[in-house]
Amino acid sequence: MVSAIMIGLANRLAAGAALLAVMVSSATAQGEWGTAAPLPAAHSEFAVAELAGEIYVIGGYAIGDVAGTSVHIYDAAADRWRRGPPLPEPAHHLMAASAAGRVFVFGGQGGIFGRGFTDAVWALDPAAGEWEARAPLPRARGAGVAVTLDGKIYVAGGRPPHGHDFAVYDPAADRWEVLPALPSQRNHLAGAAIGGKIFIAGGRLGPGYRSEASAILEVFDPTTGAWSKAAPMPRPRSGVNGIAARGCFHVWGGEGGAGMFPDHTVYDPGRDRWTRLADMPVPLHGVTGAAYIDGRIHMPGGGQDVGGRSPGTLHQTYRPERTCE
């Protein structure tokens with residue numbers, strides 16, 4: 001009798017330990033949300049680039065729908081912000097990325113909604129502390145996304161009528177090459193480079209946040225010069241942002257006619273599968289580009305309500321635990 005009781009107790013303990021292990025594993029796979037030093041001033045509809053462990057928050061809306069020239073630089077090691085050299089001209093809905101030791105800014109808008117597109121390209125050498133004009137975009141556009149792969153920068157999408165636009169910039173040659181069009185025209189979308197390919201997710205079809213949103217994920221292979229479709233996001237979203245981390249494509253936030261999206265989903269390219277992770281503590285939109293530094297994804301600023309009149313200073317972070325192979 002005693003032996004039977006002891007065996008039953010041992011079985012229950014083993015089952016409990018197994019359940020606890022599963023729970024811990026699940027919690028670990030979810031990652032961990034946190035915060036870092038807030039932006040010095042509220043901003044939305046701006047671009048983000050990371051270079052040498054520092055995050056550049058560039059342009060965007062500061063108050064209402066007024067384009068700005070401000071540049072804020074975050075030192076991740078010191079958890080501290082400072083002012084950077086302002087943009088030569090104001091812009092919002094611009095795209096940014098880093099390559100060859102410089103931060104590059106592409107296009108954007110000087111007016112609201114579909115007006116005031118620019119083809120300007122600016123490069124910042126942090127050592128020199130000055131913006132330098134580079135070869136302009138093949139076509140003026142804003143609200144696309146810029147992704148760096150193998151030293152070149154791919155710029156995809158944009159507000160109508162530029163939603164199909166896709167081109168690659170070579171910083172060394174200061175030259176553009178127009179590539180096969182993005183199959184599904186979109187804007188306010190997310191992009192990342194993983195495994196030598198460019199992944200473009202979500203976005204909206206029209207110019208405003210009430211426009212129809214997309215769940216499409218399309219993949220460009222530079223070696224073949226061709227696009228392909230992959231598994232769509234769990235639900236359509238626009239105003240999203242994203243980044244590659246640990247081989248996975250993280251996509252979060254967004255806005256739509258019904259309100260804000262707290263969703264944080266992650267795509268595994270090897271399995272062609274999306275998984276929904278824990279929601280953002282504070283849903284955001286209006287940020288293009290992010291930074292992954294020392295194991296943390298940084299999500300500074302952004303709008304906390306639909307439209308362009310809700311800029312914020314909140315600096316959220318996420319420490320991913322999930323690895324995609």
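Values in this text are rule-based calculations from the coordinates and carry no lab data. For clarity, every value in this text was computed on a predicted model and none was experimentally measured. Because the Cβ atoms are built from the backbone with ideal geometry, glycine has one as well, and the counts that use them run over all protein chains shown.
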Quiz item: Once you sort the root eigenvalues of the Cα gyration tensor of the range 83-224 as a ≥ b ≥ c, which label holds: rounded (a/c under 1.5), prolate (a/b larger than b/c) or oblate (the other case)?
Solution: oblate
Quiz item: When Lys and Arg each count +1 and Asp and Glu each count -1, what net charge do the other residues less than 15 Å away from Leu87, Cβ to Cβ, add up to?
Solution: -3
Exercise. Given the options Ala41, Ala213, Ala167, state which has the largest fluctuation in a GNM of the chain using a 10 Å cut-off (strictly under) for Cα springs.
Key: Ala41
Quiz prompt | Ellipticity estimate at 222 nm from DSSP helix runs (n ≥ 4, -39,500 (n - 2.57)) divided over the chain, nearest 500 | solution = -3000 deg cm²/dmol
Practice problem: Between Arg139 and Arg309, with labels modelled 7 Å along Cα→Cβ, what's the label distance in nm to one decimal, could you check? | Solution: 3.2 nm
Self-check item: Cut-off 13 Å between beta-carbons: net charge of the residues surrounding Trp176, Lys and Arg +1, Asp and Glu -1
Solution: 0
Exercise. With springs only between Cα atoms under 10 Å apart, run a GNM on the chain and tell me which of Ala278, Ala291, Ala91 wobbles the most.
Key: Ala278
Quiz item: If you plug each phi of the range 179-196 into the Karplus form 6.51 cos²θ - 1.76 cosθ + 1.60 with θ = phi - 60°, what whole-Hz ³J(HN,Hα) values come out, in order, with x for Gly and Pro?
Solution: 10, x, 4, 4, x, 10, 5, 7, 9, 6, 10, 10, x, 7, 10, 9, x, x
Self-check item: Fewest-first sequence of Arg237, Arg319 by Cβ atoms within 10 Å of each Cβ
Solution: Arg319, Arg237
Self-check item: Charge context of Val219, other residues only, Cβ under 15 angstrom, K/R +1, D/E -1
Solution: +1
Quiz item: Across the range 241-246, in residue order, what do the Karplus-derived ³J(HN,Hα) couplings come to in whole Hz, using 6.51 cos²θ - 1.76 cosθ + 1.60 with θ = phi - 60° and x for Gly and Pro?
Solution: 9, x, 6, 8, 8, 6
Quiz prompt | Separation of the Asp150 and Glu130 label points, Cα + 7 Å toward Cβ, nm | solution = 3.4 nm
Exercise. Multiply the residue separation of Ala215 and Ala172 by 0.36 nm, subtract the distance between their alpha-carbon atoms, and state the gained length in nm to one decimal.
Key: 12.0 nm
Quiz item: How large is the Kirkwood hydrodynamic radius of the chain, in angstrom, based on all distinct alpha carbon pairs?
Solution: 20.0 Å
Quiz item: Could you give the alpha-carbon Rg of the range 198-286 over 2.2 N^0.38 Å, rounded to two decimals?
Solution: 1.08
Quiz prompt | Residues Leu314, Leu137 arranged by fewest to most Cβ contacts within 10 Å | solution = Leu314, Leu137
Practice problem: Please report Asp279, Asp79, Asp165 as a ranked list, fewest other C-beta atoms within 10 angstrom at the top and most at the bottom. | Solution: Asp79, Asp279, Asp165
Quiz item: If you line up the long axis of helix 2-30 against the longest principal axis of the chain, both from Cα atoms, how many degrees apart are they, to the nearest 10?
Solution: 0 degrees
Exercise. Would you mind telling me which residue in Ala49, Ala172, Ala192 has the biggest mean-square fluctuation in a Gaussian network model of the chain, where springs connect alpha carbons within a distance under 10 angstrom?
Key: Ala172
